Amino acid sequence: MIWGDLITQLVGFYNLLMDMLPFWGREFVKLFLMVCIVFTYAFFIWKFYTSLAKKNIFGLNLHQYTGERDIFFVRVLRGVFYILEYLILLPFVIFFWFAVLSAFLILMTNIALSEILMISAVIVVVTRMAAYAKKGELAKELAKLIPFMLLTAAILEPTFFDVQRVISQFKVLPEFFSNAVIYFIFIVILEIILRLFDFILSLFGSD
């Protein structure tokens, strides 16, 4: 409720500012705000799409902390580090990518929240599957081209440059976090399954 009131006040302040400015000033403010949103979105996709397309997103190499110890202890410690790095930290990083992508789509489009969550989940999941299938270029293209295609489609919408609509869309963000739990669980389960298959294939020496 407090968040909704805050957004309502922000919309009111924006409208008041628009009423005070001449025509060229209103157009300048609209253009500046939308350029900032589009640039931030494009920069996010460009900066992180290669990471999402990697099977191992970050190379923490936690095994280095096992040192020269008892063999059994080293194996247990490596198992703990493996779970920490790939089954706990990695899903959170992937979910962060999913959450940011969803937030931008909420602001830039009029698509229903349920559909935005589904679109973002499909992009993330398909990219991760391509990464595990060792189709690096395909994974990169999926993580890059689809979000940019969505940006192009959003820009072509007549309401895209309606800044008041964009500000009002912030009201949806709390609802996103309440609905995103199931997608986080799905991402965790998916990573576990993909890791399991990858481990099984590695035992047979499969590339």
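Laboratory data are not the source of any read-out in this text; all were calculated from the coordinates shown. Keep in mind it's a predicted model, so treat the numbers as computed, not measured. No Cβ is skipped: glycine too gets one built from the backbone with ideal geometry, and neighbour counts run over all protein chains shown.
The angle separating the long axis of helix 181-203 from the principal Cα axis of greatest extent in the chain is about 30 degrees. Between the helical axis of 113-132 and the longest alpha-carbon principal axis of the chain there is an angle of about 30 degrees.
Ordering Asp198, Asp5 by the number of other Cβ atoms within 10 Å of each residue's own Cβ, fewest first, gives Asp5, Asp198. Here the chain is treated as an ellipsoid with the same Cα gyration tensor; its semi-axes, largest first and in whole Å, are 42, 18, 15. If the segment from Glu141 to Asp19 were pulled out straight at 0.36 nm per residue, it would be longer than the present Cα-Cα gap by 39.5 nm. Relative to the compact-globule estimate of 2.2 N^0.38 Å, the Cα radius of gyration of the range 97-136 comes out at 1.29. Normalised by the number of residues in the chain, the mean separation of alpha-carbon contacts (under 8 Å, six or more apart) gives a relative contact order of 32 percent.
Using the rule -39500 (n - 2.57) for each DSSP H run of four or more residues, divided by the residues of the chain, the 222 nm mean residue ellipticity is -25500 deg cm²/dmol. By the beta-carbon count within 10 Å of each Cβ, the least crowded to most crowded order of Asp162, Asp19, fewest first, is Asp19, Asp162.
Taken over the alpha carbons of the range 78-123 as equal point scatterers, the Debye sum produces base-10 log I(q)/I(0) values at 0.25, 0.27, 0.29 Å⁻¹ of -0.80, -0.88, -0.95.
All distinct Cα pairs of the range 92-207 go into the 1/r average, and the inverse of that average, the Kirkwood radius, is 15.5 Å. 3J(HN,Hα) along the range 30-39, derived from phi through the Karplus expression 6.51 cos²θ - 1.76 cosθ + 1.60 where θ = phi - 60°, amounts to 4, 5, 4, 5, 6, 4, 4, 5, 5, 5 Hz, with x in place of Gly and Pro.
Put in line by how crowded their Cβ is, counting other Cβ atoms within 10 Å and starting with the fewest, Arg195, Arg128 read Arg195, Arg128. Rounding to the nearest 10 and keeping the result within 0 to 90°, find how far the Cα-based axis of helix 71-82 lies from the longest principal axis of the chain. Taking Cα atoms only, the helix is inclined about 20 degrees.
Here the Karplus curve 6.51 cos²θ - 1.76 cosθ + 1.60, taken at θ = phi - 60°, turns the phi angles of the range 137-145 into couplings of 5, 4, 4, 5, 5, 5, 6, 9, 5 Hz, with x standing for Gly and Pro. Coupling constants for the range 45-53 follow from the phi torsions by the Karplus curve (6.51 cos²θ - 1.76 cosθ + 1.60, θ = phi - 60°), and in residue order they are 4, 5, 6, 10, 5, 5, 5, 4, 7 Hz; glycine and proline get x.
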